Amino acid sequence: MKAIVIGAGIGGMSAAIALEKAGFTTAVFEAVKEMKPVGAAISIWPNGVKCLNALGMKASLRALGGNMAFMAYNDAHSGATLTRFSMDPLVQQVGEHPYPVARAELQAMLIDTYGRSRIGFGKRVTQVEQTATGVTAWFDDGSQQQADFLIAADGTHSVIRHYVLGESVERRYAGYVNWNGLVTIDESIAPADQWTTFVGEGKRVSLMPVSGNRFYFFFDVPLPKGLPEDRSTLKDDLRGYFAGWADPVQRLIDAINPETTNRVEIHDIEPFSQFVKGRVALLGDAAHSTTPDIGQGGCAAMEDAIVLAQTLAAHSLGIEDGLLRYQARRVERTKDLVLKARKRCDVTHAKDAAITAAWYQELKNETGERVLAGMCDTIEGGPLG
Ligand code: FAD
């Protein structure tokens, strides 16, 4: 049995590796000639880590991951710690560590595990068709490929989603802009082994350690969609948005490199329930696009890959039946993640200022138990427990 996998992002590569481990032959096609991930880094929560472990990348992932031993929220203006707690109870409960990793390194790990030379780069799919026995994908260079089934991991702007659903879906602007990048660790900004977040005014500034003595940083600011993006004013823009914020935030703005800082208008997609049409299945952001507010989009793509390979390998009523079983196991789980992230997004970014003010107050009494319980619940809902 052969699968065409469209997209060499986190979802496509995880799916291709998982399918090959389950005994399928795969061919991966990627639109771009060279991968340039949209964000600087990503936090892989233990549900995602368990998926990568199961796909044989345990040691490589650990080498890339930062040591996020503690978590803290600080007040925007005074910089005072609102709450700080160990992540150890989470690790003990779910049986695995979270790993923040640089995206380019995660991407390289996935691609090298699969085999870089085996991927068809510069192959943009334009159309797919299927018969009772197989699928055909057409590419913008005029070529075509045939296989028994096709996995569409072509991201949030998926072209294959329209084929599967029979209609287009609109992305929903979540109301805020995120700037992210990597910077050398400076402990006068935040401790090296801690996920530190400064909160106030519906904005946040966050730092997570990744390997190589680097912080993954991000700034969130509620803003209208479509403002011009200008690297030459990026630092001054941030200084304006974070005027009056604590010294570590100012030091971080001083330290960042505008040339390597990404600016992303954050979107999600209203969850839908159809991931499969016959022999074609959506996976990752193509199937469920979330805001990054609980750091689960990439993890959900890894979970999809594990479940896809499990269901196809374990059942014998044919590809269409196996794909429908994949859909049945993923629709509710991913809907839950998207809606949880949307809720967190609204509280963090002051969709209702009173609710956000109450959350800032709650943080002063937070011992870690409530926050970690919510995270454990999300993590343990994954396919590997
Ligand atoms: P993508 O990564 O978008 O990959 C799709 C691939 O398909 C691309 O390489 C693209 O070039 C290719 N492609 C597109 N169209 C075609 C075509 N027609 N033909 C061939 N190839 C095509 N997730 C987490 O788990 N933890 C986090 O901390 C986290 N933080 C985030 C922070 C930000 C700011 C953002 C924006 C997202 C974050 N996410 C996080 C979400 C995560 O990045 C995505 O969920 C994940 O990258 C989805 O992977 P994917 O493979 O489905 O899609």
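Each reported figure results from applying straightforward, stated rules to the coordinates on display, with no laboratory input. All of these numbers come straight from a predicted model, not from anything done at the bench. Positions of Cβ are generated from backbone atoms using ideal geometry, with glycine treated the same way; all protein chains shown enter the neighbour counts.
What size of dipole, in debye to the nearest 20, comes out for the chain about its Cα centre when the only charges are +1 on Lys and Arg C-beta atoms and -1 on Asp and Glu C-beta atoms? It would help to have the intermediate numbers written out before the result.
Numbers: 39 positive and 45 negative charges, 109 e Å.
It works out to roughly 520 debye.
Want the number for Glu270 to Asp230: 0.36 nm per residue separation, take away the alpha-carbon distance, what's left?
Details: separation 40, 0.36 × 40 = 14.40 nm, distance 3.01 nm.
This chain segment gains 11.4 nm when fully extended.
Which pairs in the list Lys33/Lys58; Lys123/Lys235; Lys123/Lys225; Lys21/Lys50; Lys50/Lys335 are over 26 Å apart, alpha-carbon to alpha-carbon?
Details: Lys33/Lys58 28 Å; Lys123/Lys235 37 Å; Lys123/Lys225 31 Å; Lys21/Lys50 15 Å; Lys50/Lys335 21 Å.
Beyond 26 Å between Cα atoms: Lys33/Lys58; Lys123/Lys235; Lys123/Lys225.
Note down, for the range 254-378, the three equivalent ellipsoid semi-axes (square root of 5 times each alpha carbon gyration tensor eigenvalue), biggest first, whole angstrom. Before the final figure, lay out the partial values.
Details: eigenvalues 232, 67, 37 Å².
Equivalent-ellipsoid dimensions as semi-axes: 34, 18, 14 Å.
Write out the trypsin sites (Lys or Arg not before Pro) in the range 14-96 meeting two conditions: DSSP loop, and at most 12 other Cβ atoms within 10 Å of their Cβ.
Values: sites: Lys21, Lys33, Lys50, Lys58, Arg62, Arg84; in loops: Lys33.
In loop regions of the range 14-96 (DSSP not H, G, I, E or B), the sparsely surrounded trypsin sites (Lys or Arg not before Pro) are Lys33.
DSSP beta bridges in the chain, what fraction antiparallel, as a percent rounded to 5? Display every interim value, and only then the final one.
On the way: 47 of 67 bridges.
Rounded to the nearest five, the antiparallel share is 70 percent.
For the range 124-153 and the range 314-338, what is the separation of their Cα centres, given in Å?
Answer, in whole Å: 21.
Would the chain count as rounded, prolate or oblate if I go by the C-alpha gyration tensor, calling it rounded below 1.5 in a/c and otherwise prolate when a/b exceeds b/c, oblate otherwise? Walk me through the intermediate numbers first.
Values: a/c = 1.85, a/b = 1.68, b/c = 1.10.
Because a/c hits 1.5 or more and a/b exceeds b/c, the chain counts as prolate.
Once you order the gyration tensor axes a ≥ b ≥ c over the Cα atoms, which shape class does the range 315-385 get: rounded for a/c under 1.5, otherwise prolate or oblate by comparing a/b with b/c? Show your work: numbers first, answer last.
On the way: a/c = 7.88, a/b = 2.37, b/c = 3.32.
Oblate shape, in that a/c is at least 1.5 and b/c is the bigger or equal ratio.
So, in nm, how far is label Arg62 from label Lys21 when the simple model puts each one 7 Å beyond its Cα toward the Cβ?
Using points 7 Å along Cα→Cβ, the separation is 1.6 nm.
Determine the calculated [θ] at 222 nm for the chain from helices alone, applying -39500 (n - 2.57) to every DSSP H run no shorter than 4 residues and normalising by the residue count; nearest 500 deg cm²/dmol. If you can, show how the numbers build up before the last one.
Details: 12 runs with 142 residues, N = 385.
Rounded to the nearest 500, the figure is -11500 deg cm²/dmol.
May I ask which residue of Leu106, Ala246, Leu282 lies farthest towards the positive end of the charge dipole of the chain, with charges of +1 (Lys, Arg) and -1 (Asp, Glu) on Cβ and the Cα centre as origin?
The one lying farthest along the dipole's positive direction is Leu282.
In the chain, which longest range has no GluC sites (Glu not before Pro) that are both DSSP loop (not H, G, I, E or B) and surrounded by at most 14 other Cβ atoms within 10 Å? Working shown, then result.
Working: sites that count: Glu34, Glu167, Glu170, Glu187, Glu229.
Excluding the exposed sites themselves, the longest stretch runs over 230-385.
Could you work out how far apart the two model spin labels at Ser86 and Asp377 are, taking each label as a point 7 Å from the Cα in the direction of the beta carbon, and quote it in nm?
2.4
Which FRET efficiency, nearest 0.05, do Ala313 and Glu167 yield, Cβ-Cβ r, R0 30 Å? Mind dumping the intermediate values first?
Details: r = 32 Å, r/R0 = 1.06.
My answer for the efficiency is 0.40.
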